[in-house]
Amino acid sequence: MPEKPAPSESAPARRSAVRVLLRLWPYVRPVRGRFFTAGAVAIVASCLSLVIPLVLKWLVDGPVADRDPGGVWLGALYLLLLGITEAVLFGLRRWLVARPLSSVEARMREDLYGRLQRLPIAFHDRWASGQLLSRGTTDLMIVRMFLAFPLTFLVVNGVTIVAGCALLLAQDWSLGLVLLTPVVPVMVLCSYFERRYGVVARRAQDQVGDLTTVVEESVLGIRIVKGFGRHRSQAESFRRLAELLRSTELSKARLLATIWALITVLPELAIGAALVLGTVRVADGGLSAGTLVAFLSTALALRWPVDSIGFLLAMSQEAVTATERYFEVMDAEEERDAPAGAPAVHGSAAGLRFEGVSFRFPDAPEGAPPVLDGIDLHVRPGETLALVGATGSGKTTLTALVPRLHEASGGRILLDGEDIAVMERERLRTLVSVAFEEPTLFSASVGENVLMGADAAAGTPELDRALGIAQADGFVGRLPEGAGTQVGEQGLSLSGGQRQRLALARAVVGRPRFLVLDDPLSALDVHTEARVEAALREVLKETTALVVAHRPSTVMLADRVALLSEGRIAAVGTHQELLRSSTEYAWLMSGARTGEGDGRR
Amino acid sequence: MTETMLARREDPEEEREEPLGPGDPFDRDDLPAPRGATGALLRSLLAAHRFRVAVAALVLLVKEAAVQAGPLLVAYAIDRGVPAFRAGDHGPLVAVAAGYLLCAVGAGALQYVFVRGAARINQDVLLDLRGRIFRHAQVLSVDFHERYTSGRLISRSTTDVESLRELLSEGLQELIGVVLSFVSISLVLLWLDLGIGAVAVASFGPLYLLVRMYRRRAGAVYAERSTAIAGVIVKFAETMNGIRPVRAFRRERVNEAEFGALNHRHERSNGDALLEMARYVVGSRLVANTAVAGMCLWGAYRVAGGSLELGVLAAAVLYVRRLYDPIDRLGMFLNSYESAAASLTKIAGLLAQEPGVPEATAPRDLPERAGTAPGREVVFDGVRFAYRTGGEVLPRFDLRIPAGQTVAVVGATGAGKSTLAKLLARFYDPTDGRVLLDGVDLRELATPELRRGVVMVTQEAFLFSGTVAENIAIGRPDATREEVERAAKAIGAHAFIAGLPDGYDTDVRKRGGRISAGQRQLVAFARALLADPAVLILDEATSSLDVPGERAVQHAMDTVLAGRTAVVIAHRLSTVEVADRVLVMEAGRIVEDGTPAELVGGEGRYAGLHRAWRDSLTG
């Protein structure tokens, strides 16, 4: 139950915000021209906003005071021109970045997807897919918004504030200095706030990931939820998580409210002081009324740039944590092919050979016994070897080593004498075809799902043959659109037995040299099983196969049987031999503790 | 809608009524919501917070007033303060200083109150909406989920909820702020000078037209964007959940091409949305800046002509600039509003789905058991089950299973075995007739009562995130650790669980891929044992178990579950052999009914199956 959601990977030691954000550069680089132009445009537009009050001042002090109609016209014209330019520049900025920013988000998402497809299975075992998904969606949206808005405006507003301060000082340096007093305290507060906010923002993002996981599981496990009438308790655990997220969001809001209030109050106090001082000086005649109006007008124009710093920093901080989360996945080590060297060929040893293979999960605790330990096994060319073992003895793990879904921790596995560790994965997985214990179909037609197991040249004849072997031609023919019917998550859902038969067809369609079948007939009824077995025997004659078996009927497909016990090969022989020699085997095959299995014959 | 949903079921061998195609609302991710449902949803979400929204608006109003007071104080200082000060009267200036201090501190404090209050409303609404989506989805039928996919539901409860969050967290503030400053500044301008104020108000006309145009265009773009991101999520989730076969069958490149196309669709609509915004910004800024220039021109003329005070013009000019400050914010509000509206429409479409199996309105309790035996009697009374356009799965079906009997159901795929099980577990309701548990129609039982009565264990043994113990405790959430362990021991799962790194507290997600299918089925059984139902349904629940595992299950059924009524659907006749009674089904009918011994002795289908099975055991 999702009461304790999968813990998200803990944040690495905090790095500086700028360094984290700089990692976005490779994605921004291709659009840098437009991006920086947009930034420059934004700065110019903001400066125009600052110029407008100056024109107003000139208008009030000059033509208006002098009662000069021509000058008033001119001033209004300037104002209009500046206004139009400002509007066009605002639009231009948005137009420049609209497509590039969507493309940055899209590229990042594509890279994440591509990377995830190539990360080791062990990585996927550890990470709940909701956490991955939230990195690929909400986090990337945060990053896009950051590039669109806070990044530009932190720069623009920063420049505006500096330029504005310069203008203020130029207009009247003593009043200007009064206005500048809050700068230092505001900066100190901001940096303190930024640190605190980052921590909370990260927590909120992780909690969104956990929530996503629960939603996903509630659908994947819907039959269990319904079967046990647990939708209330399920909703209850969802609610607990959602409430956790709510309280995190509220503490974010508390931080934001504090900083925002301070950023509002401090500059406003300075403006008030400037107003009072300015008025006194106007009264003394030391300052013209127009100058004071222009000065305060400039100061008020700076109000938004200053006010905005609070939430701009907040959004930037969220972008920093979102970027960190993104790169946590991107930094994980991909599966890599060994550098192309001379393939280690041992011409003599054809078939599939395990030599001293051991395996432990990369994240297994220290001192835990390995899952597989010193496996020596040889499946001769054309032979079918059944792998039998108690539940949890490591059978599935052993089969996963052959197509390198997991990497053996020790020893080596040879295919026709070639060490798979130095083979290109692509080629290895062409040579080895697998039918998994849990048959997964993808959102595609039946035909496409099956033909995934063959090379691109394969077509209808191969498909028909494979469906025939798996005894799936009957039910596929009765589907609404035959082999063209959509199945998988977005299509028609098939029964377990039907899925298993399609997965089997997928495994055999490409006539692979090596075939790995993990309990391929478990969900079939007796009649179908018998027919599949008969057809499968023909296929197995021409391939080297490793078949995980739970029952005598499946064992019958094999020429020999290997008994896997506590991570080691305990015995190898024919079914009959093992029934006689191994009590464990007899027990596994018959369920009886003693050699009762013999009695069955 | 329910009928369309029911058209998708597990056994496709029977006819299905609706072809899959582009016309299908599920494929288009476009479930119909009744007219006005989107607005109604938003209103119902906010209704509970009406008072707090009003308070927040009030706070913001006062805060805006405090902020807007600035230029007024400037005008006052210049027009009154300066002459008074020259005359030696410091009073007005002191008043200005005090007023400014008050306004600054007040604005800050109110800002703080507003941000916190708005966040509270916002988060409560989101919590409510998330909960509604989740609870509703949980009530919808299995068939619905098979079609809707987990990816879409994730999209609804993350990215679509996120759109609403943006609207509420920024939008609400923007909207209130925009309206308040438009109204307040217009009023101040009108008060300062009727003429300038009138021009300002007149400029709202073209702005309104702009807003209308923007809304029309952006609405369509955002609807498309919401669909597009859902498509991306569906593909993403499917790939990650099937990562093993993706690898083994070298699907990486094909997937990347498919994902790229979906992602590109989202990229386009995203870009379109940003461009619509750019159009709006240019248009509105042009209107605003032209109006500013016009008003200044006019005001300046009048000052020059002597019909307007210089101080009034100075204040008016400051206000006019600020009048249009919020048009960008208005743009942002409209932007988040359209985005949220598109998302809410999708959510409303989901919430409008009627559960195929409605909760009992006037629930009844099961009668007290007659004896001490835990089982209950099951009766299928004239049950017919069909999909909308015919294709009967069960043509009029009568069956009585006495309390405590173990019934095995066998038959080929598509014979109706699973349908029988699902009717009894009330995953579906029958088209005609009734399914009775100790004489009570299943439709009259509240869910908790129903699940004390009937529990089903299916072939897919999914594990939820959490520990092994928590997964078993799904059977009975209030169970103690001892009870959980007892259930695991009874089913023979204790040994492997004890061998896990943290025993019962092992997090299955950390080693989720490492609990084998057989072990997962044992956990599923332990759950059922813990639930301790009167009627237990096993639908292919032993397929991944090895022979000893299967024996353990049988043993548990003889001991721990003795006396329960049990319906066992199995391909393995070893499971069937221990049944009191065997039903052979074909095309939705029972064609053979008897004890295993009777049927094996006969010449019927079961006898044939049994022979084939005996042969398969020995080869």
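Coordinate-derived values only; no laboratory data. All values derive from a computational prediction rather than experimental measurement. Counting neighbours? That spans all protein chains shown, and the Cβs are built from the backbone with ideal geometry, glycine included.
Calculated on C-alpha atoms, the gyration radius of segment A:407-504 divided by its Kirkwood radius gives an Rg/Rh of 1.06. With a bin width of 10 angstrom, please list the P(r) values of segment A:352-600 as percents of all Cα-Cα pairs, from the 0 bin to the one holding the largest distance. With 10 Å bins starting at 0, P(r) equals 7, 31, 34, 21, 6, 0. The string of couplings for segment B:447-454 from the Karplus curve (6.51, -1.76, 1.60, θ = phi - 60°) is 3, x, 5, 4, 7, 6, x, 10 Hz, one whole number per residue in order, with x for Gly and Pro.
Of all lysines in the structure, those lying under 21 Å Cα to Cα from residue A:395, and not within fewer than 8 positions of it along the same chain, are B:510. With the charge dipole of segment A:415-463 set up from +1 on Lys and Arg Cβ and -1 on Asp and Glu Cβ about the Cα centre, the Cα lying farthest toward the positive end among the listed residues A:444, A:463, A:420 is that of A:444.
Specify whether the C-alpha gyration tensor of chain A places it in the rounded, prolate or oblate class, a ≥ b ≥ c being the square roots of the eigenvalues: rounded for a/c under 1.5, otherwise prolate if a/b is larger than b/c and oblate if not. It comes out prolate by the Cα gyration axes. Think of each Lys and Arg Cβ as +1 and each Asp and Glu Cβ as -1; about the Cα centre, that makes the dipole of the protein assembly as shown roughly 2540 debye. Around the amide H of residue B:411, modelled in the peptide plane, lie the amide H atoms of B:585, all under 5 Å away and 5 or more residues distant in sequence or on another chain.
3J(HN,Hα) along segment A:543-549, derived from phi through the Karplus expression 6.51 cos²θ - 1.76 cosθ + 1.60 where θ = phi - 60°, amounts to 9, 9, 10, 10, 10, 6, 10 Hz, with x in place of Gly and Pro. Against the longest principal axis of chain A, how steep is helix A:69-118, in degrees 0 to 90 to the nearest 10, with axes from Cα atoms? The two axes meet at around 20 degrees. Summing Lys and Arg as +1 and Asp and Glu as -1 over all other residues whose Cβ lies under 12 Å from the Cβ of residue A:336 gives a net charge of -3.
Amide hydrogen proximity for residue A:434: with H placed 1.01 Å from N in the peptide plane, the residues at 5 or more positions away or on another chain lying under 5 Å are A:516. Taking one quarter of the surface of the C-alpha convex hull of segment B:42-351 gives a mean projected area of 20.3 nm². Residues A:288, A:393, arranged from fewest to most other Cβ atoms within 10 angstrom of their Cβ, appear as A:288, A:393.
How many angstrom lie between the Cα centre of segment B:26-84 and the Cα centre of segment A:64-137? Using only Cα atoms to place each centre, the spacing works out to 26 Å. Taking the longest Cα principal axis of chain A as reference, the axis of helix A:289-301 is set at about 10 degrees. Determine the distance separating the Cα centre of segment A:518-575 from the Cα centre of segment A:405-432; give it in Å without decimals. Here the answer is 22 Å between Cα centres.
In segment B:318-366, which trypsin sites (Lys or Arg not before Pro) fall in coil by DSSP and have 11 or fewer other Cβ atoms within 10 Å?
Details: sites: B:321, B:322, B:329, B:346, B:364; in loops: none.
Those that pass, being in a loop and sparsely packed, number zero.
Filter B:422/B:489; B:63/B:346; A:226/A:252 down to the pairs with a C-alpha to C-alpha distance above 32 Å, please. Table pairs above 32 Å Cα-Cα are B:63/B:346; A:226/A:252.
Scalar couplings 3J(HN,Hα) for segment B:396-404, obtained by applying the Karplus form with A = 6.51, B = -1.76, C = 1.60 to θ = phi - 60°, are 5, 10, 10, 7, 10, 10, x, 4, x Hz; x denotes Gly and Pro.
Using the empirical formula 2.2 N^0.38 Å as the baseline, the Cα radius of gyration of segment B:378-618 reaches a ratio of 1.03. Averaged over the residues of A:480-488, the number of partner chain Cβ atoms lying within 10 Å of the residue Cβ comes to 2. Shape of segment A:203-308 from the C-alpha gyration tensor: prolate (a/c of 1.5 or more and a/b above b/c, with a ≥ b ≥ c the square roots of its eigenvalues). Between the helical axis of A:303-330 and the longest alpha-carbon principal axis of chain A there is an angle of about 20 degrees.
Using the Cβ of residue B:188 as centre and a radius below 12 Å, the other residues enclosed give a net charge of -1, where K and R count +1 and D and E count -1. Other protein chain C-beta atoms within 10 Å of residue C-beta, averaged over B:288-300: 6.
Counting Lys and Arg as +1 and Asp and Glu as -1, each charge on the Cβ, what is the dipole of chain A about the Cα centre in debye, to the nearest 20?
On the way: 63 positive and 65 negative charges, 180 e Å.
Value, rounded to 20: 860 debye.
Dipole size of segment B:378-618 about its Cα centre, with +1 on Lys/Arg Cβ and -1 on Asp/Glu Cβ: approximately 440 debye, rounded to the nearest 20.
Based on the Kirkwood radius over alpha-carbon pairs, what value in µm²/s does the Stokes-Einstein equation return for the translational diffusion coefficient of segment B:450-528 at 10 °C and 1.306 mPa s?
128
Please compute, for peptide B:248-260, the average count of beta-carbon atoms on other protein chains lying within 10 Å of each residue's beta-carbon.
Taking all residues of B:248-260 together, the mean is 6.
Mean sequence separation of contacting Cα pairs (under 8 Å, at least six apart), scaled by the length of segment B:369-469, corresponds to a relative contact order of 29 percent.
Restricting attention to segment A:352-600, close to 50% of DSSP beta bridges with both partner residues there are antiparallel.
According to the square roots a ≥ b ≥ c of the eigenvalues of the Cα gyration tensor, what is the shape class of chain B, taking rounded for a/c under 1.5, prolate for a/b larger than b/c otherwise, and oblate for the remainder? It is prolate, given that a/c is not under 1.5 and a/b is the larger ratio. In this structure the amide hydrogen of residue B:406, modeled in the peptide plane, comes within under 5 Å of the amide hydrogens of B:566, B:580, B:581, none closer than 5 places in sequence on its chain. Calculated mean residue ellipticity at 222 nm for chain B: -20000 deg cm²/dmol, from DSSP H runs with n ≥ 4 weighted as -39500 (n - 2.57), summed, divided by the residue count and rounded to 500. Helices that extend 20 Å or more along their long axis by alpha-carbon positions and average at least -1.0 on the Kyte-Doolittle scale are, among the DSSP H runs of chain B, B:50-76, B:91-139, B:172-192, B:204-241, B:252-305, B:326-351, B:517-531, B:605-618. Projecting the Cα positions of B:566, B:367, B:320 onto the charge dipole of chain B (unit charges on Cβ atoms of Lys, Arg, Asp and Glu, taken about the Cα centre) puts B:320 furthest along the positive direction.
Among B:327, B:78, the ranking by other beta carbons within 10 Å of each residue's beta carbon, starting with the fewest, stands as B:327, B:78.
Only beta bridges with both residues in the protein assembly as shown are counted; by DSSP, about 50 percent of them are antiparallel. Of the residues A:149, B:427, the one with the fewest other Cβ atoms within 10 Å heads the list, and the complete ranking is A:149, B:427. For the protein assembly as shown, dividing the convex hull volume of the Cα atoms by the residue count gives 177 Å³ per residue.
Look at the dipole of the protein assembly as shown built from charges on Cβ: of B:257, A:241, A:301, the Cα furthest out on the positive end belongs to A:301.
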